[in-house]
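Worksheet: the structure to be examined is printed underneath.
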Amino acid sequence: MDISKCQAYEDEIKLLEEEIKLLAEQCEDIQQESTFYSEEEILMAIKAFQSKFQRESKEHESRSDLKDQLESLEADLSFLMKFTHIQFTSHSKRTVERTRNRTVQKHRISGKCHSLSFQLEFQLLEMQDKEKVSTVITDLSIVMESGEDSNVSKFVSRTEEHGDLLKFFRSLSSYAEWYEHRRSTFLHFK
Amino acid sequence: GVFTHLEMLETQAHEAGRKQEEKEQQEEKLASLQQRVEELRIQRDQLRAKVDLQQKRKSGKKEIVSHAAESSPGAVLDWKLRRVKGMLQIFYLTGISGKLTKRGVCFSISTAYEGTYLDSYYLDLLTKPAVQIHRHSIPIFIPLEQISKRYLQTDIRRFLSVLADHLNAYARRKYQADQLQERFSDHLEGSLQRNSLCNLLAFNYKVPSEGKTFPFSARLIYTDLCCSLPTEVVVSCTGKCLGMWKETAAAHSELFRRMALHKAFCTFISAGEEVD
């Protein structure tokens, strides 16, 4: 009789672990949204670290590491946006599939390159094969205000068809720069 | 007599002791399992409450209560850190990413064939006193020195753009050749010959038709290093070939000029199979 009790507990443990895993993922997904914490809340948190009444403890040290790491990465991000003229205004992602060596996430991004805005949706598949991690984009969907230029819409549908996210960004960069140059030249002569 | 009786009692006691030990072990195990179940139940309930709360807030926008009220500053910053990392990963997907260093910037150029990301290369630049390349992982057959002489001092963006064009074109040519070897090895005769820049390819292949196979040889030259389609293609039918195979050779030549190598193979092989 004890053995069946054991089994019952073990079964329940398995079920609970599954449930917990799913709930944790749900939690994670909701947190992925960019508006989870407001800018003010983030600033307040940073100030809390800088508070001179902070207790000297191990916890404090690891927290300031966190702050330094955050500042360093934010500086990198800020630099990249200035350098490439690509600004991302929103980014949300959702895990669609997660197994031991395969993860699929659905991303939704909006941003602009110079003055041209775009919205993207795609699935990102990451596969682990021994030590190599491979990255593949599928289901790419691009929305761009093309205005008068039919070349833009042709180009967008072609890159969408092939899932060529990288080519989209590289071409967007040069097109946006040309467009910007043309626009400022035009304004100059107005 | 007495001796066997004593032995019997000893065995009985031993047996009883063993059974008692077994029973105690089982009870211990049961107790620890029970404890684990209770711990997990609490954890599950806490998570459930958290998720419910988050979802309620998501839908009831009028009463947005701060999430931060119940999280430590550490958790808030941890969240922000993950978001910034996520954004940096997106930059990697755009083809040009980087990291500030003490003396400059370390750029990372990624390459891809359509939706499949391939190798990435790094370029560690110093910015003082002038812009110079400190370290890099650019392959030696890419004309880095030529490109940097022309653009590095005057226009870094242009320099990276041109370099990325070279690297991407090379990666795509290599990918096509690799795909051909991997997916169409049955149709290749001998090995595919290529140079390290993958802009010179030569191979022999056979096309099945009506039960027989017809041998061809192809030579592809890509003179534009920023292009992943060949500029010059020569396809000829080897062995005994009738006039119509000359037409096929010309058709293949045209296909190789217009589309990716492995896609061209897909096209004429499936077409040939349909005819059969």
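Somewhere in the range B:170-185, is a residue loosely packed, with under 14 Cβ neighbours inside 10 Å, over 19 Å from the mean Cα position of the chain (by Cα) and under 24 Å from B:Thr116 (Cα atoms)?
Yes, there is a match, as at least one residue in the range B:170-185 is loosely packed, with under 14 Cβ neighbours inside 10 Å, over 19 Å from the mean Cα position of the chain (by Cα) and under 24 Å from B:Thr116 (Cα atoms).
Looking at (1) modelled with pLDDT of 90 or more; (2) part of a helix (DSSP H, G or I); (3) facing chain A (nearest Cβ under 8 Å), which is the one condition that is false for B:Thr111?
All conditions are met except number (2).
For the range A:84-95, which residues satisfy the criterion of being of a type in the set (S, T, N, Q) and either open to solvent by 40 Å² or more (accessible area, probe 1.4 Å) or in contact with a helix residue (DSSP H, G or I) (Cβ under 8 Å, 6 or more places away or on another chain) (or both)?
Once the filter is applied, which keeps residues that are of a type in the set (S, T, N, Q) and either open to solvent by 40 Å² or more (accessible area, probe 1.4 Å) or in contact with a helix residue (DSSP H, G or I) (Cβ under 8 Å, 6 or more places away or on another chain) (or both), the range A:84-95 yields A:Thr84, A:Gln87, A:Thr89, A:Ser90, A:Thr95.
For the range B:12-38, give me the residue count where each residue is more than 9 Å from every other protein chain (Cβ to nearest Cβ) and open to solvent by less than 90 Å² (accessible area, probe 1.4 Å).
Matching residues across the range B:12-38 total 6.
Would the range B:121-143 turn up any residue that is assigned to a helix (DSSP H, G or I), within 14 Å of chain A (Cβ to nearest Cβ) and open to solvent by 40 Å² or more (accessible area, probe 1.4 Å)?
Within the range B:121-143 (the criterion being assigned to a helix (DSSP H, G or I), within 14 Å of chain A (Cβ to nearest Cβ) and open to solvent by 40 Å² or more (accessible area, probe 1.4 Å)), the answer is no, since none of the residues qualifies.
Based on what the data block shows, is B:Gln89 on the phi < 0 side of the Ramachandran plot and more than 11 Å from every other protein chain (Cβ to nearest Cβ)?
no
Residues are listed down the side, and each one gets a yes or a no for (1) open to solvent by 90 Å² or more (accessible area, probe 1.4 Å); (2) not in a helix (DSSP H, G or I):
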residue: A:Gln128; (1), (2): yes, yes
residue: A:Ile142; (1), (2): no, yes
residue: A:Thr159; (1), (2): no, no
residue: A:Arg170; (1), (2): no, no
residue: A:Glu177; (1), (2): yes, no
residue: A:Glu180; (1), (2): no, no
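Taking the condition of being more than 7 Å from chain B (Cβ to nearest Cβ) and at pLDDT below 80, how many residues in the range A:55-95 meet it?
So the count comes out to 9.
Contact list please: Cβ distance under 6 Å, first residue in the range A:155-181 and under 15 Å from B:Thr116 (Cα atoms), second residue of a type in the set (Ser, Thr, Tyr) and in a helix (DSSP H, G or I), pairs at least six apart or on different chains.
Once the first residue is under 15 Å from B:Thr116 (Cα atoms) and sits in the range A:155-181, its partners that are of a type in the set (Ser, Thr, Tyr) and in a helix (DSSP H, G or I) give A:Lys167/A:Thr159; A:Phe168/A:Thr159; A:Phe169/B:Thr94.
Specify which of the listed residues (A:Val133, A:Val152) is open to solvent by less than 90 Å² (accessible area, probe 1.4 Å) and either of a type in the set (S, T, N, Q) or more than 10 Å from chain B (Cβ to nearest Cβ) (or both).
Being open to solvent by less than 90 Å² (accessible area, probe 1.4 Å) and either of a type in the set (S, T, N, Q) or more than 10 Å from chain B (Cβ to nearest Cβ) (or both) holds for just one of A:Val133, A:Val152, which is A:Val152.
Residues checked against (1) of a type in the set (A, V, I, L, M, F, W, C); (2) touching a Lys or Arg at 6+ places or on another chain (Cβ under 6 Å); (3) in contact (Cβ under 8 Å) with a residue 24 or more places away in the chain:
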site	(1), (2), (3)
B:Ser120	no, no, yes
B:Leu123	yes, no, yes
B:Leu144	yes, no, no
B:Leu152	yes, no, no
B:Asp155	no, no, no
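Kindly provide the set of residues from the range B:94-104 that are in contact with a strand residue (DSSP E or B) (Cβ under 6 Å, 6 or more places away or on another chain) and more than 7 Å from chain A (Cβ to nearest Cβ), ordered by number.
Passing the criteria: B:Arg103, B:Gly104.
Going by the conditions given, is B:Gly1 more than 30 Å from A:Leu15 (Cα to Cα), buried (at least 16 other Cβ atoms within 10 Å of the Cβ), at pLDDT below 90 and not assigned by the TED database to the domain that holds B:Arg157?
When the stated conditions are applied, B:Gly1 does not pass them.
Please verify whether the range B:251-261 includes one or more residues that are open to solvent by less than 30 Å² (accessible area, probe 1.4 Å), under 18 Å from B:Ala112 (Cα atoms) and under 34 Å from the mean Cα position of the chain (by Cα).
yes
Given B:Lys50, B:Lys29, B:Lys19, which one is modelled with pLDDT of 80 or more and within 30 Å of A:Ile46 (Cβ to Cβ)?
B:Lys50
Go through the range A:114-136 and give me each residue that's under 14 Å from the mean Cα position of the chain (by Cα) and of a type in the set (A, V, I, L, M).
Those that are under 14 Å from the mean Cα position of the chain (by Cα) and of a type in the set (A, V, I, L, M): A:Leu120, A:Leu124, A:Leu125.
Just name the residue that is most open to solvent (accessible area, probe 1.4 Å) out of those in the range A:96-113 that are modelled with pLDDT of 90 or more and farther than 20 Å from A:Leu23 by Cβ.
Filtering the range A:96-113 for residues that are modelled with pLDDT of 90 or more and farther than 20 Å from A:Leu23 by Cβ, the one most open to solvent (accessible area, probe 1.4 Å) comes out as A:Arg108.
Show the residue pairs that are 6+ apart or on different chains and have beta-carbon atoms under 6 Å apart, the first residue being within the range B:210-230 and modelled with pLDDT of 95 or more, the second being buried (at least 16 other Cβ atoms within 10 Å of the Cβ) and polar (S, T, N, Q).
B:Tyr222/B:Asn199
When you check B:Leu192 against the structure, is it without any contact (Cβ under 8 Å) to a residue 60 or more places away in the chain, open to solvent by 40 Å² or more (accessible area, probe 1.4 Å) and not assigned by the TED database to the domain that holds B:Ser97, yes or no?
no
The values are calculated or read from the model by the stated rules, or taken from the named source; none is laboratory data. These numbers were taken from a predicted model, which means no experiment stands behind them. Backbone-built Cβ (ideal geometry, glycine too); neighbour counts: all protein chains shown. The area values use the complete protein model at the heavy-atom level, side chains included, leaving out ligands, DNA and RNA. Shrake-Rupley method; radii C 1.70, N 1.55, O 1.52, S 1.80 Å.
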